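See structure below.
The values are calculated or read from the model by the stated rules, or taken from the named source; none is laboratory data. Computed from a predicted model, the values in this text were never measured in an experiment. Positions of Cβ are generated from backbone atoms using ideal geometry, with glycine treated the same way; all protein chains shown enter the neighbour counts.
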Amino acid sequence: MRRLLALSLYLFIGLPAILGTLFLVPLRGWVLDRDFYKSFVSGPEAREVLESPALYERMEGPIRVGDDLVLSGRAAGKALKASLPVQELLSAAGTAVDSAFDSLERGRNADRLTVNLIPLKRALDRGIPEFARVYAAEAPARVDGSPGSDLVLPGQGSPRDLSVRPASLSETEFRELLRTALSEAVSAVPDTAETEKPLPGPGDAFLSGAATPRDALNRAALWMALLAGGVWVAGAFVASDSLARRLRWLGGTLLAPGIVVLASGIVLRLAADPLVLRFVQDPELQRALADPALKVVRDWIRRPLWTVSAGFLVSGSVAVILGGGLSASRRALRYRDF
């Protein structure tokens, strides 16, 4: 009867709490770490992605910019390669992450999450003149009267198809028209991106004393670890009066969730590449990711998955070693008594 009570206590409270602790503790270290996200969007890997020539050489077919502008993919790729302000974009991306975390860390005083997009708009606007110059020189020309030769000018409707340059427009006129259209598209981007503060959930009252989301996450991890540890130890004392059996209980009940978390880390590490390729559904992008010249793109997207799997591997290994050590202590104790 005592063992049945201990098993019920473990299955319904202890096991979920132990698993939650083993999964939450490694996530806690990076999920609200602004440096992790800044290194992802503005680090060396992001720079290599933006500076990879193959990324722009694979752009084909029409590209829609905003709601009412269509460009030639091939010409746009060459223009982006020549004009993209990489350093400014990386700096703007890092600033956007900082603004998001600044609003997030205001905690209860923040009514919404705000991301500042002004530096990103300035970076894009800076590259427009060079982009327009290269694009106008590379865009295919189409003779008047052929299908698709009509050009919708600003104020005449949408979409504006600038994927070809009509023969009625000189390269200079086409370049100025493109600059105007791109400037309008960038200006249409809002200065800030905002999301409303989530409605209070079941745990809001429990975590209401936390000053920031990071404090709330740390508090949740701490209380979950205390609950898991209390139920884990209490179950051993409820299950048996024998020290050897208590050690066996402690070892076995920790070894099982440790194996689950460790296996999750291993599977996630092995499945990182297939998950990345599956996430990118477009066949052309999948071919690009498989290209050796764009290996850095795959590594860049795979990096967060590897970070998560590394945390699971560490916490799972600690639980397995501790559980195995307790089980071995039980065997050593029985051998000594014998």
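Points worth noting:
- Summed over segment 255-275, the residues that are farther than 24 Å from Ile321 by Cβ and surrounded by fewer than 19 Cβ atoms within 10 Å (Cβ to Cβ) give a count of 4.
- Scope segment 185-218; condition modelled with pLDDT of 80 or more and touching a strand residue (DSSP E or B) at 6+ places or on another chain (Cβ under 8 Å); matching residues: Ala185, Asp191, Thr192, Ala193
- Residue match in segment 234-244 (condition: loosely packed, with under 15 Cβ neighbours inside 10 Å, modelled with pLDDT of 80 or more and within 35 Å of the chain's Cα centre (by Cα)): no
- Cβ-Cβ under 7 Å pairs, at least 6 apart or on other chains, segment 51-64 side assigned by TED's automatic domain parsing to the domain that holds Val86, far side in a loop (DSSP other than H, G, I, E, B) and not charged (D, E, K, R): Pro62/Ser163
- Every condition in (1) under 31 Å from the mean Cα position of the chain (by Cα); (2) modelled with pLDDT under 90 holds for Ser315 except the one numbered (2).
- The residue that is nearest to Ala132 (Cα to Cα), counting only those in segment 73-98 that are in contact with a strand residue (DSSP E or B) (Cβ under 7 Å, 6 or more places away or on another chain) and surrounded by 19 or more Cβ atoms within 10 Å (Cβ to Cβ), is Ala76.
- Note on segment 55-69: residues that are outside any helix (DSSP H, G or I) and surrounded by fewer than 19 Cβ atoms within 10 Å (Cβ to Cβ) total 10.
- Residue within segment 3-10 that is in contact with a Ser or Thr (Cβ under 7 Å, 6 or more places away or on another chain), closer than 25 Å to Gly94 by Cβ and buried (at least 16 other Cβ atoms within 10 Å of the Cβ) present: no
- In segment 245-254, the qualifying residues are those that are surrounded by fewer than 21 Cβ atoms within 10 Å (Cβ to Cβ) and over 14 Å from Ala319 (Cα atoms), and the one that is nearest to the chain's Cα centre (by Cα) is Arg246.
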